[in-house]
Amino acid sequence: MSFTGKYELQSQENFEPFMKAMGLPEDQIQKGKDLKSISEIVQDGKKFKITVTTGTKVLKNEFTIGEESEIEMLNGEKVKAVVQMEGNNKLVTQLKGLKSVTELNGDTITHTMTMGDLTFKRVSKRI
């Protein structure tokens with residue numbers, strides 16, 4: 001199953017408390033919560049390029065499954081992480097006490113991030 005495609009954010013849960021916990025300033029949280037977000041994923045075998053555009057902010061990450069990569073987090077911090085594939089439709093990684101799971105089901109991507117007892121969930125549909 002290929003992740004390649006463009007996806008538009010449909011819904012998100014716990015955006016504000018999660019961003020606060022990540023240390024984002026209140027003004028950025030308020031600006032970002034209602035913006036349309038487009039994720040573009042290019043998968044070439046085990047190599048991934050992910051670009052998330054939210055308003056004027058663009059977050060780009062490239063990684064290869066099973067190899068250490070530098071990943072930029074939502075707060076702009078760059079951390080080293082290894083992304084693993086579970087089955088053929090789930091990307092899983094741990095970054096600084098945060099667990100990230102991206103799951104593809106048909107034309108829908110569900111991205112769930114968990115930090116402690118706080119969970120942030122985004123659902124995007126292929127466009």
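Of note:
The rows are residues; the columns are (1) surrounded by 15 or more Cβ atoms within 10 Å (Cβ to Cβ); (2) of a type outside the set (Val, Ile, Thr); (3) touching a Lys or Arg at 6+ places or on another chain (Cβ under 8 Å).
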site: MET1; (1), (2), (3): no, yes, no
site: THR4; (1), (2), (3): no, no, no
site: GLN28; (1), (2), (3): no, yes, no
site: GLY32; (1), (2), (3): yes, yes, yes
site: ILE50; (1), (2), (3): yes, no, yes
site: THR56; (1), (2), (3): no, no, no
site: LEU59; (1), (2), (3): yes, yes, no
site: ILE71; (1), (2), (3): yes, no, yes
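- Checking VAL42, VAL79, VAL83 one by one, the residue that is of a type in the set (Val, Ile, Thr), within 15 Å of HIS111 (Cβ to Cβ) and without any contact (Cβ under 8 Å) to a residue 40 or more places away in the chain is VAL83 and no other.
- Test set (1) β-branched (Val, Ile, Thr); (2) closer than 26 Å to PRO25 by Cβ; (3) open to solvent by 30 Å² or more (accessible area, probe 1.4 Å); (4) in contact with a Ser or Thr (Cβ under 8 Å, 6 or more places away or on another chain) - VAL82 fails condition number: (2)
- Filtered residues of the stretch 38-67 (kept if more than 24 Å from MET85 (Cα to Cα), assigned to a strand (DSSP E or B) and out of contact with any Gly (no Cβ under 7 Å at 6 or more places or on another chain)): LYS57, VAL58
- Flag for GLY87 being exposed (fewer than 11 other Cβ atoms within 10 Å of the Cβ), over 14 Å from the mean Cα position of the chain (by Cα) and among the small types (Gly, Ala, Ser): yes
- Against the criterion of being within 16 Å of the chain's Cα centre (by Cα), of a type in the set (Asp, Glu) and either exposed (fewer than 12 other Cβ atoms within 10 Å of the Cβ) or not in a strand (DSSP E or B) (or both), GLU8 does not qualify.
- If you go through the stretch 13-48 and keep only what is modelled with pLDDT of 95 or more, in contact with a strand residue (DSSP E or B) (Cβ under 6 Å, 6 or more places away or on another chain) and under 18 Å from LYS125 (Cα atoms), you end up with GLU13, ILE38, SER39, GLU40, ILE41, VAL42.
- Residues considered: LYS121, LYS99. Of these, the only one that is of a type outside the set (Val, Ile, Thr), within 15 Å of MET19 (Cα to Cα) and open to solvent by 80 Å² or more (accessible area, probe 1.4 Å) is LYS99.
- Scanning the stretch 98-121 for residues that are small (Gly, Ala, Ser) and over 13 Å from the mean Cα position of the chain (by Cα) turns up GLY106, GLY116.
- Just one of (1) exposed (fewer than 12 other Cβ atoms within 10 Å of the Cβ); (2) β-branched (Val, Ile, Thr); (3) farther than 20 Å from SER2 by Cα; (4) at pLDDT 95 or above fails for ILE127. It is (3).
The values are calculated or read from the model by the stated rules, or taken from the named source; none is laboratory data. Keep in mind that this is a model prediction, so the values were computed, not measured. With ideal geometry, Cβ positions are generated from the backbone for all residues, glycine too; neighbour counts draw on all protein chains shown. These area figures cover heavy atoms from the full protein model, side chains too; ligands, DNA and RNA do not enter into them. Shrake-Rupley method; radii C 1.70, N 1.55, O 1.52, S 1.80 Å.
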